[in-house]
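The values are calculated or read from the model by the stated rules, or taken from the named source; none is laboratory data. Remember, predicted model here, so these are calculated numbers, not experimental data. Virtual Cβ from ideal backbone geometry, glycine too; neighbours counted across all protein chains shown.
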2 protein chains.
Amino acid sequence: MAAQIVPLPRKQPEASIEPMLAITASGMNQVNQVILDRMQSEIPLIPALAGHLISGGGKRLRPMLTLAGAQLVGYNGTRHYKLAAAVEFIHTATLLHDDVVDGSDLRRGKAAANIIFGNPATVLVGDFLFSRAFELMVEDGSLKVLKILSGASAIIAEGEVDQLTAQRKIETSEERYLQIIRAKTAALFAAASRISAVVAECSEDEERALDEYGRNLGVAFQLVDDALDYDADAAQMGKDRGDDFREGKMTLPVILAYARGDEEERIFWRAAIMGHRSSDEDLAHAVTLIAKHGAVEETRERARHFAARAINALACFPDGKARQAMEQAARFAVARGY
Amino acid sequence: MAAQIVPLPRKQPEASIEPMLAITASGMNQVNQVILDRMQSEIPLIPALAGHLISGGGKRLRPMLTLAGAQLVGYNGTRHYKLAAAVEFIHTATLLHDDVVDGSDLRRGKAAANIIFGNPATVLVGDFLFSRAFELMVEDGSLKVLKILSGASAIIAEGEVDQLTAQRKIETSEERYLQIIRAKTAALFAAASRISAVVAECSEDEERALDEYGRNLGVAFQLVDDALDYDADAAQMGKDRGDDFREGKMTLPVILAYARGDEEERIFWRAAIMGHRSSDEDLAHAVTLIAKHGAVEETRERARHFAARAINALACFPDGKARQAMEQAARFAVARGY
């Protein structure tokens, strides 16, 4: 009897960030070294304040995208370490400014920088890190990378202003919301991912594919972040639960629950988004209404759609560890908090 | 009898900004057009807020330095218009953030942007303009210019943080104060001036000379700005008179008056800088003490020294309209408010 050959099935895709962490671990050590070196200054308050946030247990997802992308396209150089650090500095600068803008109390489960160091220092250290990011890019010397990241930075700022304009406006549409998160979050995910193809001198098509991967991943990531703020079942996140609610931010769970609510519910939402119903009981009521209409699950469903598009964008690259890790990370972005 | 030839004496140097305004007038029209074009955004709040400050009657001294420098070295191209606009955007971004940091009420004699539009929008539009500045530089495509201006931006932010650290500290020394204003003000004057030599592909020596002109002019300019905040004879400036005093900023007039004051005066200064004596009467008393010790005049004297160094830095360039205009501008920086 002939031996039967059973083909090894391709492993069932998992939702996990672990493979991405694994393939980028040694590279991230290099990136972290650049981050620590380049946040230094003769003005002691600068590394103190920057370090509070930078050492505060962030996931460093964005620089990780640059490193994973570089592996995907087989880049063997070292230029991407500095550029990944620049990406993280831009992100850190926007977080510092966000905390001032939102008047946040907590960030990543710790007191926000503005609470400890005050708004003035927080704004200025954000500016410093932003400038440092550009210095790192200039040292690398690619005008193409500079164009991508300066463009992304302008779009992020526009998205943040747009979000501010939509705040406390119950009539904000899903389209408007998507436009805001594409700008404020997805633009930097896209740029972080894209620049790996630039340093590796890939084709325009590959550059665009990595851009699309990052952009769709960023949208999925933000959707789930916004869902978790109202998810009764989710573990407490680093960000202060209910922040979006109290700030009157129009995120998709609220948009969906408002759209499906009856008149009594809509009266509640209008008052809540205006800031007239912001107690813990009001937040609990909001969570109940959102659960009643399945708005968290539907927000996750939207995220699933964007994660699928992110995964699809990788189709032009050869299968392998890097691509599988990036696919699993996209699934993880959707499954977080489950 | 032979006709006597009387040599025409070189015109007595005047302190005036008029010649600088005259030689840069047509170029500044181009720069202003770039500024107006590039502060636009689909998010209406951005041009509204940016325009409030940008149309608010600023002198646009920094981009003017780029244009004057370009004339000095005989540059005939057009690249400097975009770069001068980038310089003004960086400056505008820092002013917006300064207004948030200082909690200013007035800027250039009008309500400050943060008062009209709130701190959040003011921070974010500053970020937008800063990103736009880098986009303009990237479009120009000179890595050397990008290096100069990203470096200057990081130094400005460091200087601002350093100033924050020195605030309400009566023991701040004259050296520390000079270090702060070199960073927060003079670095951008130096960069604005230097990049004109870069676009014109001048020698390193000429680049350095223009850097020194701008740097010393910037120090002189800031010294006189700080003196005017306590000058009993000066016309009311755009900035709210007495702001430095109420914010406990350690500027040279205060440092000098404190150093020369008797024990009673020092007790007053310590209380005032700590913020315990900040009424209009206290400000009037501070102005009297500063006048008593000639601290405004001595601050101007220091400014005269830096203006002389600025003028001296131009010695390597041929005499002519541009150089004379730049010399007169340096004298004007000292004589302002007389």
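For the reader, a short list of remarks on this structure follows.
- The condition of being surrounded by 12 or more Cβ atoms within 10 Å (Cβ to Cβ), hydrophobic (A, V, I, L, M, F, W, C), assigned to a helix (DSSP H, G or I) and modelled with pLDDT of 95 or more holds for B:ALA70.
- Pick from segment B:108-139, criterion not hydrophobic (A, V, I, L, M, F, W, C) and not in a helix (DSSP H, G or I), ranking: farthest from the other protein chains (Cβ to nearest Cβ): B:GLY109
- Scanning segment B:69-110 for residues that are within 30 Å of B:LEU164 (Cβ to Cβ) and hydroxyl-bearing (Ser, Thr, Tyr) returns B:THR92, B:THR94, B:SER104.
- B:THR122 under 24 Å from B:PRO63 (Cα atoms), of a type in the set (Val, Ile, Thr) and more than 20 Å from the chain's Cα centre (by Cα): yes
- Screening A:ALA157 on (1) of a type outside the set (Asp, Glu); (2) more than 9 Å from chain B (Cβ to nearest Cβ); (3) not in a loop (DSSP other than H, G, I, E, B) shows it passes everything except condition (2).
- Note on segment B:190-205: residues that are without any contact (Cβ under 8 Å) to a residue 12 or more places away in the chain and within 13 Å of another protein chain (Cβ to nearest Cβ) amount to 0.
- Condition met for B:ARG182 (within 16 Å of B:GLY69 (Cα to Cα) and basic (Lys, Arg)): no
- Verdict on A:ALA315 being more than 29 Å from A:VAL101 (Cβ to Cβ) and among the hydrophobic types (A, V, I, L, M, F, W, C): yes
- Meets criteria (more than 9 Å from chain A (Cβ to nearest Cβ), within 22 Å of the chain's Cα centre (by Cα) and not in a helix (DSSP H, G or I)) for B:THR172: yes
- Condition check for B:VAL31 on (1) among the hydrophobic types (A, V, I, L, M, F, W, C); (2) at pLDDT below 95; (3) out of contact with any strand residue (DSSP E or B) (no Cβ under 8 Å at 6 or more places or on another chain): one failure, at (2).
- Single residue of B:ALA113, B:ALA86 found to be surrounded by 24 or more Cβ atoms within 10 Å (Cβ to Cβ), touching a His at 6+ places or on another chain (Cβ under 9 Å) and of a type outside the set (Val, Ile, Thr): B:ALA113
- Test: B:ILE180 is within 12 Å of chain A (Cβ to nearest Cβ) and β-branched (Val, Ile, Thr): yes
- Count of residues meeting criterion [aromatic (Phe, Trp, Tyr) and at pLDDT below 95] in segment B:264-278: 0
- In segment B:40-65, residue surrounded by the fewest Cβ atoms within 10 Å (Cβ to Cβ) [restricted to those that are basic (Lys, Arg) and part of a loop (DSSP other than H, G, I, E, B)]: B:LYS59
- Taking the listed residues A:PHE332, A:PHE306, the one that is surrounded by 15 or more Cβ atoms within 10 Å (Cβ to Cβ), farther than 29 Å from B:PRO120 by Cβ and not hydroxyl-bearing (Ser, Thr, Tyr) is A:PHE332, with no other qualifying.
- Restricting segment A:140-154 to residues that are more than 8 Å from every other protein chain (Cβ to nearest Cβ) and part of a helix (DSSP H, G or I), the residue that is surrounded by the fewest Cβ atoms within 10 Å (Cβ to Cβ) is A:LYS144.
- The set of residues from segment B:67-105 being basic (Lys, Arg) and either within 14 Å of chain A (Cβ to nearest Cβ) or in contact with a strand residue (DSSP E or B) (Cβ under 6 Å, 6 or more places away or on another chain) (or both) comprises just one member, B:LYS82.
- Residue within segment B:72-91 that is closer than 24 Å to B:GLY248 by Cα and not charged (D, E, K, R) present: yes
- For the criterion of being touching a helix residue (DSSP H, G or I) at 6+ places or on another chain (Cβ under 6 Å) and either of a type in the set (D, E, K, R) or crowded, with 23+ Cβ neighbours inside 10 Å (or both), B:LEU188 passes.
- Candidate set: segment A:253-282, residues that are small (Gly, Ala, Ser) and outside any loop (DSSP other than H, G, I, E, B); chosen: the one surrounded by the most Cβ atoms within 10 Å (Cβ to Cβ): A:ALA257
- All told, A:ALA187 falls short of being closer than 19 Å to B:THR122 by Cα and more than 9 Å from every other protein chain (Cβ to nearest Cβ).
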